[in-house]
Amino acid sequence: MARKKIALIGGGQIGGVMAQLFATRQLGDVVLFDIVEGLPQGKTLDIHEASRIDRFDMNLKGTNDYKDIDNADIVIITAGIPRKPGMSREDLLTTNAKIMTSVANGVKEHAPNSIAIIISNPLDTMVTLFQKVTGFPTNRVIGQAGVLDSSRFSSFIAWELGVSVQDVNAMVLGGHGDSMVPLLRYANVNGVPVIEMLERKYGDVAKAKEVMDAMVERTKKAGGEVVGLLKTGSAFYSPASAATTMAKSILLDEKRLLPCSVYLNGEYGVKGYFVGVPAVLGENGVERVVELTLNDEEQAAFDNSVAAVKNSVANLEKLGF
Ligand code: A3D
């Protein structure tokens, strides 16, 4: 079987870490593209030179030429500017929409049959724009957000309950903004509901609720927390891990059920927008959207988050994209 070809568009912080993850996990040959000359070439050379130490043997190419992504199986896009302290993801809209348009045209020309995973912010809007420019079928266009937001939520739960994060299952739905919806009711530690564990820990329903609310709030603001600490950019290790996991499910046809920004065609009462929901990822990209029952409070939070996505998409259209 021929090796898979993975094209990473954007060779900055996330792109560089992804190149290393794909190579060390031996998932396929990597092409790292950036407009900055020398940056992707330097990073791929550096990663290559660790191959004897870490014992991986994949081809890695850094490039400034779209021709090198020809016939890629998967394209992952991080091209764009990240947030600085005090910025919202929406503040990136104008700059990143221009960048995403040029990237989408490059991908459309050189990797027309690829499955695309988008990471650039504002996430759900950039996914929308990429799909619009390329005209790719919607099952081949996916946004990374939920895997990372859910992993952040899981970390906070694990720290609070003093359990291994490996046993925590928690999911975040909605748009990738401050109105995202961490679903506490479905969160569990190897099947044991988190809510029940918190109530037992504190012996007090009100105190447990207070702790839960704090974890939900921290999850919503988790990206900003990292930006505030780094000051020069945003999170990059964890988004790289999240996107690599999604790509692996597609490359190896694992059919993992992962929360991602996917096109909704009536599911969850939403039609014509990319929003974060659980989906099955396999060799065809998004193979299935999985619906779950939300209670009134969760549905209201989800609707609020969808409204923020719709607003951002409307802003994009106002800008003429
Ligand atoms: P950064 O390290 O700045 O890398 C971005 C790269 O894009 C730079 O190397 C640029 O040279 C490159 N670039 C700019 N314009 C183009 C172009 N036209 N074509 C190709 N490459 C170009 O940023 P980063 O890697 O830290 O973050 C990348 C994006 O991901 C930003 O928009 C972040 O906001 C976003 N992000 C999303 C998440 C999610 O969970 C959705 C998390 C963290 C960051």
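Brief remarks on what is shown
- Antiparallel bridge percentage (DSSP; both residues within the stretch 46-202; nearest 5): 50 percent
- Anchor residue 221: lysines whose Cα lies under 18 Å away (excluding residues fewer than 8 positions away in-chain): 84, 231
- Whether the stretch 80-128 is rounded, prolate or oblate, judged on the alpha carbon gyration tensor where a/c under 1.5 counts as rounded: prolate
- Three principal axis lengths of the stretch 5-144 [C-alpha, angstrom, descending]: 42, 37, 24
- P(r) weight above 27 Å for the chain, C-alpha pairs, percent: 42 percent
- Available extension along the chain between residue 113 and residue 51 is 19.3 nm, counting 0.36 nm per residue and deducting the alpha carbon span.
- Taking every DSSP helix (H) stretch of at least 4 residues in the chain, weighting each as -39,500 (n - 2.57) and dividing the sum by the residue count yields a mean residue ellipticity at 222 nm of -14000 deg cm²/dmol.
- If you take the Cα centroid of the stretch 32-82 and the Cα centroid of the stretch 277-321, the two points sit 31 Å apart.
- Among 45-57, 75-87, sorting by the average number of other beta carbon atoms lying within 10 angstrom of each residue, highest first, gives 75-87, 45-57.
- Packing-based ranking, highest mean first, of 37-43, 293-299, 133-139, 113-119 given that Cβ atoms within 10 Å are counted: 113-119, 37-43, 133-139, 293-299
- Estimated dipole of the stretch 5-144 in Debye, rounded to 20 [Cβ of Lys and Arg +1, of Asp and Glu -1, Cα centre]: 280 debye
- By the rule of a C-alpha distance below 17 Å, with chain neighbours fewer than 8 residues away ignored, the aspartates and glutamates paired with residue 67 are 29, 34, 37, 109.
- Per residue, the convex hull spanned by the Cα atoms of the stretch 107-250 measures out at 125 cubic angstrom.
- Above-threshold pairs, the threshold being 30 Å between Cα atoms, out of 132/248; 4/43; 5/98; 43/248; 61/108; 5/310: 5/310
- Judged by the mean number of other Cβ atoms found within 10 Å, the most tightly packed of the peptides 152-158, 214-220 leads the ranking 152-158, 214-220.
Where a number appears in this text, it was derived from the coordinates with a stated rule and is not lab data. Because the structure is predicted, anything quoted here is derived from the model rather than measured. Every residue, glycine as well, gets a Cβ built from its backbone with ideal geometry; the counts of neighbours run over all protein chains shown.
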